[in-house]
Amino acid sequence: MNMPAILERDITPTGNDYDLVRQVIERISLDYRSQPSLEDISADLGLSPARLQKTFTRWAGLTPKAFLQAVTLDHARRLLGTEGLPLLDASLELGLSGPGRLHDLFVTHEAMSPGDFKSGGSGLVIRYGFHSSPFGTALVMTTDRGLCGLGFADPGGEAEALEDMAKRWPGAKLEHDQAGTASLATQVFAPGSWSADRPLRIVLIGTDFQVKVWEALLRIPLGSARTYSDVATEIGKPSASRAVGAAVGRNPISFVVPCHRALGKSGALTGYHWGLTRKRAMLGWEAGQLGG
DNA sequence: ATATTAATTCTCC
DNA sequence: GGAGAATTAATAT
């Protein structure tokens, strides 16, 4: 008996909504030029506009119309423009814009280089479990020091996701621990619960360069975005945007380390390890979290 | 407007 | 060393 009771009440009641959200995003991405109407989309998906409206609002805190608005290129450009703007009243981000405060207050992290990992961490035990999330099934991986991995799987793709993540830590011992990762999963997807009292502890395992890039990502506030070259400049290597892109793509703790807030200079979403659709979904969802 | 090219930095094999 | 990557700016269709 694996204590399924804990699992039952985990996470978002909205876990199943992502499937619908995903289809909508794919639909509008297909020909975003024509700005399909709500009726068009609901007809395509074979459900009523009312149902679509309801599900969306529950999922994102945004009406479908506002959501469509939020995933346009225009909106992405606006995110890039919010450098020093008054984001401060967004309760979540209070204190985050001060340099470095984030690590102390909400997310504590420690970095582990591949060298450290090899010598000291070869016996490292990583426990993992699959949990529903606003963005589909999430693969949550943790060491006793904190969250070390977060990935996503489409339906039926769990094994693939696990393999993808496992490859990153060849020496580690993986243990399936569904119950033990459940509360962590809950915390991860309720960013409002991250606080000084209960910071989310994460462990960044990567090269110096990668860790620097991921730390830079952690400093991007909710509801804002940076270009790859912004990040490159921030870590003191202005011409390394391409390398930054590669490092962002290797981010092992997606969502928590907000790699979805890195955009191309034009505002285009240039790539995402777990699928561009998910990146769009995260940006749209975050727009809703701001209280919009 | 969209496609191709060159410059660029870091990783991995 | 060489290829590839979630880039970008410049150049050519």
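Inside the stretch A:199-213, can you point out the residues that are more than 9 Å from DNA strand B (Cβ to nearest atom) and over 16 Å from residue A:165 (Cα atoms)?
Answer for the stretch A:199-213, where residues must be more than 9 Å from DNA strand B (Cβ to nearest atom) and over 16 Å from residue A:165 (Cα atoms): A:199, A:200, A:201.
Taking residue A:20 as the residue in question, decide whether it is modelled with pLDDT under 90 and part of a helix (DSSP H, G or I).
Working: modelled with pLDDT under 90: no; part of a helix (DSSP H, G or I): yes.
Spelling it out, it is not the case that residue A:20 is modelled with pLDDT under 90 and part of a helix (DSSP H, G or I).
When you scan the stretch A:34-45, do you find a residue that is under 28 Å from residue A:226 (Cα atoms), in contact (Cβ under 8 Å) with a residue 60 or more places away in the chain and either in contact with a helix residue (DSSP H, G or I) (Cβ under 9 Å, 6 or more places away or on another chain) or surrounded by 14 or more Cβ atoms within 10 Å (Cβ to Cβ) (or both), even just one?
Within the stretch A:34-45 (the criterion being under 28 Å from residue A:226 (Cα atoms), in contact (Cβ under 8 Å) with a residue 60 or more places away in the chain and either in contact with a helix residue (DSSP H, G or I) (Cβ under 9 Å, 6 or more places away or on another chain) or surrounded by 14 or more Cβ atoms within 10 Å (Cβ to Cβ) (or both)), the answer is no, since none of the residues qualifies.
Going by the conditions given, is residue A:276 modelled with pLDDT of 95 or more and under 19 Å from residue A:29 (Cβ atoms)?
When the stated conditions are applied, residue A:276 does not pass them.
Residues to consider are A:287, A:281, A:225, A:243; find the one that is of a type in the set (Gly, Ala, Ser) and within 16 Å of DNA strand B (Cβ to nearest atom).
Only one candidate qualifies: A:243.
Would you pick out the residues in the stretch A:148-185 that are open to solvent by 70 Å² or more (accessible area, probe 1.4 Å), farther than 19 Å from residue A:272 by Cβ and either assigned to a loop (DSSP other than H, G, I, E, B) or in contact with a His (Cβ under 9 Å, 6 or more places away or on another chain) (or both)?
A:156, A:170
Return the total of residues in the stretch A:255-283 being small (Gly, Ala, Ser) and more than 6 Å from DNA strand C (Cβ to nearest atom).
So in the stretch A:255-283, the residues small (Gly, Ala, Ser) come out as A:262, A:264, A:266-268, A:271, A:275, A:281.
After this cut, where a residue has to be more than 6 Å from DNA strand C (Cβ to nearest atom) as well, the list is A:266-268, A:275, A:281.
Looking only at that region, the number is 5.
Out of (1) over 21 Å from residue A:78 (Cβ atoms); (2) touching a strand residue (DSSP E or B) at 6+ places or on another chain (Cβ under 7 Å); (3) within 10 Å of DNA strand C (Cβ to nearest atom); (4) of a type in the set (Val, Ile, Thr), the odd one out for residue A:231 is which?
The one condition residue A:231 does not meet is (1).
Pull up the stretch A:194-203, narrow it to residues that are surrounded by fewer than 19 Cβ atoms within 10 Å (Cβ to Cβ) and in contact with a Ser or Thr (Cβ under 8 Å, 6 or more places away or on another chain), then point me to the one that is modelled with the lowest pLDDT.
Within the stretch A:194-203, the match that is modelled with the lowest pLDDT is A:199.
If you check residue A:216 against the conditions, is it without any contact (Cβ under 8 Å) to a residue 24 or more places away in the chain, among the hydrophobic types (A, V, I, L, M, F, W, C) and more than 8 Å from DNA strand B (Cβ to nearest atom)?
Judged against the criteria, residue A:216 is a match.
Mind checking whether some residue in the stretch A:152-162 is in contact with a helix residue (DSSP H, G or I) (Cβ under 7 Å, 6 or more places away or on another chain) and within 16 Å of DNA strand C (Cβ to nearest atom)?
yes
Can you go through A:228, A:272 and tell me which one is under 22 Å from residue A:165 (Cβ atoms) and touching a helix residue (DSSP H, G or I) at 6+ places or on another chain (Cβ under 8 Å)?
Exactly one residue qualifies, and that residue is A:272.
For every residue, the table says whether it meets (1) within 17 Å of the chain's Cα centre (by Cα); (2) free of Cβ contacts under 8 Å to residues at least 60 places away in the same chain.
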site: A:204; (1), (2): yes, no
site: A:209; (1), (2): no, yes
site: A:245; (1), (2): yes, yes
site: A:253; (1), (2): yes, no
site: A:269; (1), (2): yes, no
site: A:285; (1), (2): yes, no
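If you check A:76, A:50, A:66, A:138, which single one turns out to be within 16 Å of DNA strand C (Cβ to nearest atom), assigned to a helix (DSSP H, G or I) and at pLDDT 75 or above?
A:76
The values are calculated or read from the model by the stated rules, or taken from the named source; none is laboratory data. It should be emphasised that the depicted structure is a prediction, and the values quoted were computed from it without experimental measurement. Note that we place each Cβ from the backbone using ideal geometry, even for glycine, and neighbour counts take in every protein chain shown. Surface accessibility is based on the protein's heavy atoms, side chains included, excluding ligands, DNA and RNA. Shrake-Rupley method; radii C 1.70, N 1.55, O 1.52, S 1.80 Å.
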